[in-house]
Amino acid sequence: MMKFSITAVVVLALIHGSGSFTVAKRDVSTEVDKLTKYVQDLSTVVTRVTHELVEKVKNHELTGKAQTYLEQGKVHLQPLADKLQENLKPLTSSIEKTLKPLTDSVQAHVEPLIESVMEEMWKKAMSRVKALVPAQ
C-alpha cells in the first residue's frame, strides 16, 4: 500500500507539474507574441520615420540646389542687365526728347477742348436744374 501511495503522489506531482508547465508555456507563448508584435510595430515606425527623414533631406537638398542655381544665375545675369540698362539709357532719352514736344502739343490742343466740353456740360446741367426748380 505504501508503494501505491508513493506512486499516487508521484503521479499527482507529475500531473500537477505537467499542468503548471502547460500554463507557464502558454504564458511564455503569450509574452513572446506580445514581444514579437511590439518589435514589428517598432520596426514599422522606424521604417516610416526613416523614409520621412530621407524625403525631407531630399527636399532640403533640392531647395538648396535651387537657391544656389538662382544665385549663380543672378551673378551671371546681373552684369548683362546692368549693361543692357546702360545701353538703353540713350534710347529712352532720345524717345523722351522726341515725344516731349508732341505730348506738349497734344496737351495744348486737348486742354481747351476739355474745358469747352466741361463748360457746355455745366450749362446744360444748370438749365435742367432751373427747369426743375419752380419760379418764385
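Residues that are out of contact with any Asp or Glu (no Cβ under 6 Å at 6 or more places or on another chain), polar (S, T, N, Q) and open to solvent by 80 Å² or more (accessible area, probe 1.4 Å): does region 116-124 have at least one?
no
Among the listed residues ALA131, ALA108, identify the single one that is part of a helix (DSSP H, G or I) and either in contact (Cβ under 8 Å) with a residue 24 or more places away in the chain or more than 58 Å from the chain's Cα centre (by Cα) (or both).
Going through ALA131, ALA108 in turn, the sole match is ALA131.
The values are calculated or read from the model by the stated rules, or taken from the named source; none is laboratory data. Computed from a predicted structure; not experimentally measured. A quick note on method: Cβ atoms are made from the backbone with ideal geometry, for glycine too, and the neighbour counts reach across all protein chains shown. The area values use the complete protein model at the heavy-atom level, side chains included, leaving out ligands, DNA and RNA. Shrake-Rupley method; radii C 1.70, N 1.55, O 1.52, S 1.80 Å.
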